[in-house]
Amino acid sequence: MARRASPVARWGLGVLALVVLVLVLSAAWARLRPGTPIQTHGPENRVVRVQVLNGSGEGGIGSRVASYLREGGFQVVEVRNAERSDFFASMVVARREDVSSAEAVARYLGGPPVVRQAWTSDLAEVTVVLGSDRSRLRLE
């Protein structure tokens with residue numbers, strides 16, 4: 001003789017099924033929805049040139065970030081270790097008065113803070129400094 005589930009157990013099972021369905025649909029929407037195009041061109045319609053400095057102390061993370069930036073249409077001009085390897089926070093440094101290029105890079109990476117440190121450099125308009133919080137960056 002089979003036991004029937006109580007109304008409370010059936011209700012709980014229904015709520016659980018609904019929660020799982022909402023999570024699956026949410027994940028599918030996040031992956032498949034059209035994203036906002038990232039501005040990879042700065043002033044004068046030039047591709048944004050980015051320097052990547054690894055200050056996290058973890059080997060290889062600079063190359064991973066550089067690869068991800070290249071996939072996004074940015075021009076990575078240099079990847080190297082920072083002068084220190086104990087940076088806590090990752091940041092995007094604007095090397096020009098106009099910070100729009102740095103803000104575009106920061107949006108693409110998931111929103112690290114933008115710091116304005118304008119100086120004339122033919123190398124890059126933007127520098128990404130990786131800190132030990134690098135796991136907060138979006139690299140996929």
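Here, each number is a calculation from the coordinates, and none is a lab measurement. From a predicted model like this one, the values you see are computed outputs, not experimental measurements. Cβ sites come from the backbone with ideal geometry, for glycine too, and all protein chains shown count toward neighbours.
Taken over segment 43-136, the alpha-carbon convex hull comes to 86 cubic angstrom per residue. Counted as membrane-span-like here are DSSP H helices of the chain whose alpha-carbon atoms extend 30 Å or more along the helix's own axis and whose Kyte-Doolittle mean is 0.5 or above; these are 7-32. The region of the chain that goes longest without hitting one of the trypsin sites (Lys or Arg not before Pro) in a DSSP loop, each with at most 15 other Cβ atoms within 10 Å, is 85-137.
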